[in-house]
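The values are calculated or read from the model by the stated rules, or taken from the named source; none is laboratory data. These numbers come from a predicted model, not from an experiment. Quick reminder, even Gly has a Cβ in these numbers, built from the backbone with ideal geometry, and neighbours come from all protein chains shown.
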Amino acid sequence: YHSGEKIAPVLTIFIGGNHEASNYLQEFPYGGWVAPNIYYMGYAGVVRFGGLRIGGLSGIYKGPDYLRGHFEKSPYTGESIRSVYHVRNLEVFRLKQLSGDSDIFMSHDWPRGIYNYGPKQQLLRCKKHFRAEIEANALGSRPAEELLRKLRPKYWFSGHLHVKFPAIMKHK
């Protein structure tokens, strides 16, 4: 797609995680078109499409890097090749400034605690190694949990844990 050899058949809006080409996506910190019909949300962003307000937060949460700025540059070191895709407080702060309705939100990490709103036992049958983190309330991202509670989107999608897990959280 990037070379233009193929064109995405539908508009594709995406966020980054921990398996993307960070060196390329770093060129779009605020988002942008990475190929025809493919839009990257940047470190954090919101777009409107077809009457829907779509927000996104790229990366995964790692406490030691959360309060740092984005310092990574290519060529990466052993540390920066991982920290480059870590969520930063600045992006979460920016998203917390939003007001009004959110239709869809995407994050790579699951919001912490979301397992309490879906078939937890079914999840544990598939992913037994999640048990200790769930019992310690440590599975998922605290910043994503804060955004879920603040933005209250109608739908939230996350992919980092590589398992389908439907959850219904009624916002108060």
Check on Ser99, of a type outside the set (Val, Ile, Thr) and under 12 Å from the mean Cα position of the chain (by Cα): no
Can you tell me which residue within segment 153-172, out of those that are of a type in the set (Gly, Ala, Ser) and assigned to a loop (DSSP other than H, G, I, E, B), is nearest to Asp109 (Cα to Cα)? Gly159
Listed by first then second residue, the pairs whose first member lies in segment 73-96 and is at pLDDT 95 or above and of a type outside the set (S, T, N, Q), whose partner is surrounded by fewer than 13 Cβ atoms within 10 Å (Cβ to Cβ) and outside any helix (DSSP H, G or I), with beta carbons under 8 Å and at least 6 positions apart or on separate chains, are Arg88/Leu67; Arg88/Gly69; Leu90/Gly69
The conditions are (1) over 28 Å from Tyr40 (Cα atoms); (2) of a type in the set (A, V, I, L, M, F, W, C); (3) within 12 Å of the chain's Cα centre (by Cα), and Phe105 fails exactly one of them. Which is it? (1)
If I ask for residues that are assigned to a helix (DSSP H, G or I), out of contact with any Leu (no Cβ under 7 Å at 6 or more places or on another chain) and under 22 Å from His19 (Cβ atoms), which ones from segment 81-95 would you list? Ile81, Arg82, Ser83
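For segment 124-148, give me each residue that is within 15 Å of the chain's Cα centre (by Cα) and assigned to a helix (DSSP H, G or I).
Arg142, Pro143, Ala144, Glu145, Glu146, Leu147, Leu148 - these are the residues of segment 124-148 that are within 15 Å of the chain's Cα centre (by Cα) and assigned to a helix (DSSP H, G or I).
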If we only count strands (runs of 3 or more DSSP E) wholly inside segment 1-77, which ones have 1 or more residues that are among the aromatic types (Phe, Trp, Tyr) and touching a helix residue (DSSP H, G or I) at 6+ places or on another chain (Cβ under 7 Å)? 38-40
